[in-house]
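> Take a look at the following structure, please.
Derivation of every value follows stated rules applied to the coordinates shown; laboratory data play no part. Keep in mind the model is a prediction, meaning the values are calculated, not measured. Reconstructed Cβ throughout: ideal geometry from the backbone, glycine too, with neighbour counts over all protein chains shown.
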Amino acid sequence: MDALTSTIKSAKRVILSVGSGDGSQQAAIVKSGHHNIVSTFFDNEDDVCAKYKTSRDNIALLREKSTVLFGVDATKLHHHPDLKDEEFDIVLFSFPHTGTPNFACGQSGANPKSIEDNKQLIRDFLRSAQHVLTSDGEINITLKTSAPYDKWTFPDFAGYDIEHKSQYDFDSQLFPGYIHRSTKGHVHKVKTGSATTYVFSRRNKHDRDENGNTAGFSPPLSFTVSIEFLPVDDDYAKAIVMEILSVSQEESWNVLDIRRRFPEATRPDTRQLNRVLYQMESSNQLIKGAPKKVNQKPTWKLAENSLEY
């Protein structure tokens, strides 16, 4: 295919973005010249703008150049009055999250409820998105590869009309100005880190059994991340500290309390974590408090200006 034909065909492809955060990724797509995009948000417009300070400008651009919808549940796309009769070439869901905290107060390691809730979100999204996909369309889900996200497994796809097609490393530089935001909106910026985009497409007819049912699907080995103890950089540690302390903003925890709540595979040693905590204090992200008992380590809590409302 020649370059002109390829460019024209690409311009006609329609993107549906769900769970669009602050709209920065979608605005980057529009700024690149692709205006055939429908950007949807789970919350209403007032709530989105209250959560994310930068969203108002992004939404204004998207509304001017493309289509914007609010109050859209990514698990019920095929029932939405503005979407159920449409078909899209690409359905995009970047860093899905239910909002259930990754780390539960008083619990060591990842929150099992968060893992199960997010696995269910992914299953329900895929089951709905397949109904608004063109015959040669693709569903793209981008997930972080670190713990606890590596436990968000995909369904086996028995009974689905889609299958895993490919996957590739996510490159945020393709979307200038894109900021990965927390679902709750109170963290300035979530460090994307290592992430993978998984691509799903309609199942080929020959993949059905003699009764017309879709065959079961076993994810490739690359879907499973074996747990081993990995070196942790300070930026990752800071992001996890923010996430842990945001679970209960009224409580103060010492370095050992915080360390126990890290995912086991990426738990930093106490010396590194102490260094990170003091760095975050110097940048006004944390407040150091008195020890819980005499001769114990100081406690830490989020500073007010580390939150975004």
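> Enter the per residue convex hull volume of the stretch 1-72, computed from alpha-carbon coordinates, in Å³ rounded to the nearest integer.
Numbers: hull volume 5.2 nm³, N = 72.
Measuring per residue, one finds 73 Å³ for the Cα hull of the stretch 1-72.
> Report the charge-dipole magnitude of the stretch 1-97 in Debye, nearest 20, computed about the Cα centre from +1 at each Lys and Arg Cβ and -1 at each Asp and Glu Cβ.
Magnitude of the dipole: close to 280 debye.
> What percent do you get for the relative contact order of the stretch 86-167 when only Cα pairs under 8 Å and 6+ apart count?
Across the stretch 86-167, relative contact order equals 40 percent.
> Is there a pair in 119/144; 238/288; 12/144 whose C-alpha atoms are over 20 Å apart, and which pairs would that be?
12/144, as the Cα separations exceed 20 Å there.
> Roughly how big is the stretch 46-102's charge dipole about its Cα centre, with Cβ charges of +1 (Lys, Arg) and -1 (Asp, Glu), in debye to the nearest 20?
300
> Same structure, new question: Compute the relative contact order of the stretch 19-146 as a whole-number percentage, counting only Cα pairs closer than 8 Å that sit 6 or more residues apart in sequence.
Taking the mean separation of contacting Cα pairs over the length of the stretch 19-146, I get 26 percent.
> In terms of modelled amide H atoms, which long-range or inter-chain residues lie less than 5 Å from the amide H of residue 111?
HN-HN under 5 Å from residue 111: 103, 104.
> What translational diffusion coefficient, to the nearest whole µm²/s, does the stretch 1-142 have by Stokes-Einstein, given a Kirkwood radius computed over alpha-carbon pairs, a temperature of 20 °C and 1.002 mPa s viscosity?
132
> For residue 67, which sequence-distant residues (separation of 5 or more, or a different chain) have an amide H within less than 5 Å of its own amide H, given hydrogens modelled in the peptide plane?
Answer set, sorted by chain and number: 37, 39.
> For residue 115, what charge total do you get from the other residues with a beta carbon under 11 Å from its beta carbon, if Lys and Arg give +1 and Asp and Glu give -1?
Taking every other residue near residue 115 into account, the sum is 0.
> Semi-axes of the equivalent ellipsoid of the stretch 69-147: what are they in whole Å, largest first, if each equals the square root of 5 times a C-alpha gyration tensor eigenvalue?
On the way: eigenvalues 164, 36, 17 Å².
Result for the stretch 69-147: semi-axes of 29, 13, 9 Å.
> Express in whole angstrom the spacing between the alpha-carbon centres of the stretch 151-182 and the stretch 17-70.
After rounding, the separation between the Cα centres reads 19 Å.
> What order, most packed first, do the peptides 159-172, 281-294 have when packing is the mean number of other Cβ atoms within 10 Å of each residue?
Values: 159-172: 14.9, 281-294: 12.8.
So the order, starting with the most tightly packed, is 159-172, 281-294.
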